[in-house]
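Here is the structure we will look at.
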Amino acid sequence: MKIKTTRFGTITIEEEKIITMPFGMLGFPDVKRFVMLQHKEDSPFFWYQSVDDPMLAFVIMSPFLFKPDYNVDIENVLKEMSWNEEEKQNTLELYVVVNIPKGAPDKMTANLIGPILINNKIHQAVQMVISDSPYTHKFPLVREN
Amino acid sequence: MLILTRKLGEQITIGDDITITLLEIKGVQVKLGIKAPKSISIHRQEIYERIRKENLNSSEVSASDLSEATSIFHINRSKDK
């Protein structure tokens, strides 16, 4: 299907690539369908583009690229979403939302307390809320030397 | 805002299926128990607010900043090796 985006113009995506978020992203509860577009070949970043709102795209990436020991408890979320637990090894992927202050990419941060858990088998996702954790919502992606 | 006074162990109901119980009072802290359908999300306000703001900011990232961020990320990682 074709979708309109302000950043990439009209693009064609396979329908099975559409990810549905029953509860949306926090602060954007009405936007429920997204598609992941790799920013560039070789880039760690993805645009998490809304299918229904051409203007809306978040930047996400795998937390394990910069924090290999990142660990969140997903048991409750699996229950809340009624996702099948047996398949979780192969079907679940975790991403974090990236924030880049305008004109200051060296100050980019990742939000480790609001990861997005994607279930690739049923093409659904949910943004988790991690409280009582050692993680920050502004984890620096560039280490100062 | 509706303001209600409750004693330890007493409850408040909201609508047909939300119940809040006052479980414990310790100095300036109170512990609440909340029972609600799973379709209703319940979060500590400050945590919710942080995530909401990060989402909002992320949705305003420009393509040029992201391209530059990609180079910076790669250079920074290669320094680690």
One residue from A:F28, A:F64, A:F23, A:F8 being farther than 17 Å from A:V97 by Cβ, open to solvent by 10 Å² or more (accessible area, probe 1.4 Å) and within 13 Å of chain B (Cβ to nearest Cβ) = A:F8
Count of the stretch A:104-145 residues which are at the interface with chain B (Cβ under 7 Å from one of its Cβ atoms), part of a loop (DSSP other than H, G, I, E, B), open to solvent by less than 40 Å² (accessible area, probe 1.4 Å) and within 21 Å of B:S41 (Cα to Cα) = 1
Within the stretch A:90-103, work out how many residues are open to solvent by less than 40 Å² (accessible area, probe 1.4 Å) and modelled with pLDDT under 95.
-> 2
Mind listing whichever residues of the stretch B:21-30 are part of a loop (DSSP other than H, G, I, E, B) and open to solvent by 90 Å² or more (accessible area, probe 1.4 Å)?
-> B:V28
Residue identified as among the charged types (D, E, K, R), assigned to a loop (DSSP other than H, G, I, E, B) and either closer than 27 Å to A:G114 by Cβ or touching a residue at least 12 places away in the same chain (Cβ under 8 Å) (or both) among B:K38, B:K53 | B:K38
Give A:V35, A:V77, A:V72, A:V59 a once-over and let me know the one that is over 27 Å from A:P134 (Cα atoms) and open to solvent by less than 50 Å² (accessible area, probe 1.4 Å).
-> A:V35
Complete set of residues in the stretch A:38-53 that are surrounded by fewer than 16 Cβ atoms within 10 Å (Cβ to Cβ) and either at positive phi or among the hydrophobic types (A, V, I, L, M, F, W, C) (or both) = A:D42
Residue tally, condition of a type in the set (G, A, S) and either more than 7 Å from chain A (Cβ to nearest Cβ) or surrounded by fewer than 12 Cβ atoms within 10 Å (Cβ to Cβ) (or both), over the stretch B:31-61 = 3
If you go through the stretch A:101-115 one residue at a time, do you hit one that is of a type outside the set (K, R), in contact (Cβ under 8 Å) with a residue 60 or more places away in the chain and closer than 28 Å to B:I40 by Cβ?
-> yes
Counted residues, the stretch A:31-57 - those being assigned to a strand (DSSP E or B) and either farther than 23 Å from A:E80 by Cα or within 14 Å of chain B (Cβ to nearest Cβ) (or both) | 11
Going by the structure shown, is B:A69 surrounded by 14 or more Cβ atoms within 10 Å (Cβ to Cβ), of a type outside the set (D, E, K, R), within 14 Å of another protein chain (Cβ to nearest Cβ) and touching a residue at least 12 places away in the same chain (Cβ under 8 Å)?
-> no
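The values are calculated or read from the model by the stated rules, or taken from the named source; none is laboratory data. Bear in mind the structure is a predicted one, so any value in this text is a computation, not a measurement. Cβ: placed from backbone, ideal geometry, glycine included. Neighbour counts: every protein chain shown. Heads up: the accessible areas ignore ligands, DNA and RNA and are worked out on the full protein's heavy atoms, side chains in. Shrake-Rupley method; radii C 1.70, N 1.55, O 1.52, S 1.80 Å.
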